[in-house]
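The values are calculated or read from the model by the stated rules, or taken from the named source; none is laboratory data. All values reported here derive from a predicted model rather than from experimental measurement. All Cβ positions, glycine included, derive from the backbone under ideal geometry; neighbour counts span all protein chains shown. Calculation scope for accessible area: heavy atoms of the full protein, side chains included, ligands and nucleic acids excluded. Shrake-Rupley method; radii C 1.70, N 1.55, O 1.52, S 1.80 Å.
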Amino acid sequence: MRTDFQNVLTERDESVVTLTMNRPDVLNAINTLMLEELIAAVEAAAHDETIRCVVLAGAGRAFGAGQDLTEFGSAHAGGQPLNVSEHLAQYHRLLLAIRHMPKPVIAAIQGVATGITLNIALACDIRIAAENARLREGFALIGLVPDGGGGYTLPRLVGLGRALEMALLAEDISGAEAERIGLVNRCVPLSELDKTTRALAKRLANGPTRTYQLIKELLYKSLEMDLQTSLHLEGQLQEAAYATADHREAVDAFLHKRTAQFTGK
Ligand code: T3D
């Protein structure tokens with residue numbers, strides 16, 4: 001994977017890669033370059049079989065303050081008019097790359113996570129928030145609708161009523177409240193965010209990666225299916241899981257009373 005990005009730091013720890021949005025002076029607001037770099041890094045992580053878990057984080061005191069509004073400001077001032085569909089298409093490419101990642105993706109959220117940055121976190125498989133997290137579906141505050149998949153992910157995570165409240169009022173939600181309503185999986189003290197994220201990422205990276213890919217496919221696709229179609233898909237995916245080396249290894253490990261060593265295959 002490229003490591004010469006300007007606005008995204010990449011850190012490799014065995015089979016875990018951490019991608020850190022890195023514009024701390026502006027709370028990691030996403031400008032065009034950061035977006036391009038995030039796409040490149042996420043797509044590279046998807047194709048690299050030696051990577052078995054991806055972590056998305058923010059540098060400094062925030063996870064991220066959403067779209068860089070100075071870019072919107074100069075577009076409105078007539079500098080470079082923004083083609084909204086083209087611009088959004090780039091975000092959609094990133095979101096789909098995260099959603100289709102054939103391995104788990106964890107968002108580690110501290111401080112502000114608003115607008116499109118929050119919705120990128122909502123596309124990840126697991127979210128860990130620090131107690132100081134401030135999660136805000138902040139689009140309405142600048143007169144926009146929630147994009148970046150928020151209209152899809154938000155009601156599925158927290159239910160329609162809560163999603164409407166979050167999108168219309170655009171108020172901060174604390175890490176603890178986010179855990180309570182299912183917006184994040186866990187809330188931990190800020191001092192433990194890094195340690196907790198690393199431990200979880202390592203645990204997932206040492207798991208049956210190919211099976212994790214199949215599990216993701218089953219759950220995400222089943223959201224859109226009736227029971228019968230989901231049961232059919234489950235059969236297809238279980239056949240694939242049954243054929244993995246990791247399944248055979250796990251059964252053999254159980255029978256021989258030893259710990260399974262998963263290769264991800
Ligand atoms: O293409 C598409 O359709 C995508 C669309 C996406 C839309 C969105 O993402 S909607 C959300 C957009 N983001 C916001 O509305 C957040 C704007 N920022 C704020 O409201 C505040 O900064 C915060 C509440 C997030 C944090 O406040 P605070 O007091 O902790 O920090 P601060 O002093 O306001 O910010 C620190 C610096 O970051 C500051 O720069 P300065 O004054 O020190 O030079 C501030 O201007 C800068 N900054 C914060 N957010 C952004 C930003 N610069 C550019 N874009 C930002 N989004």
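Odds and ends about this structure:
- Listed by first and then second residue, the pairs linking a residue in the range 109-120 that is farther than 11 Å from Gly150 by Cα and among the small types (Gly, Ala, Ser) to a residue that is within 8 Å of the ligand (Cβ to nearest atom) and not in a strand (DSSP E or B), with Cβ atoms under 6 Å apart and 6 or more places separating them unless they lie on different chains, are Gly111/Arg61; Gly111/Ala62.
- Among the residues of the range 61-113, the one identified as on the phi > 0 side of the Ramachandran plot and either open to solvent by 10 Å² or more (accessible area, probe 1.4 Å) or more than 14 Å from the ligand (Cβ to nearest atom) (or both) is Gly78.
- For Pro81, the requirement of being assigned to a loop (DSSP other than H, G, I, E, B), under 17 Å from Ser15 (Cα atoms) and not polar (S, T, N, Q) is not met.
- Residues that are in contact (Cβ under 8 Å) with a residue 60 or more places away in the chain and open to solvent by 30 Å² or more (accessible area, probe 1.4 Å) were ranked within the range 11-51; the one that is nearest to the ligand (Cβ to nearest atom) is Leu27.
Condition check ((1) open to solvent by less than 50 Å² (accessible area, probe 1.4 Å); (2) touching a residue at least 12 places away in the same chain (Cβ under 8 Å); (3) under 20 Å from Asn119 (Cα atoms)) across all residues:
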residue	(1), (2), (3)
Val158	yes, yes, yes
Glu165	no, no, yes
Leu200	yes, yes, no
Ala240	yes, yes, no
Ala243	no, no, no
Asp252	no, no, no
Leu255	no, no, no
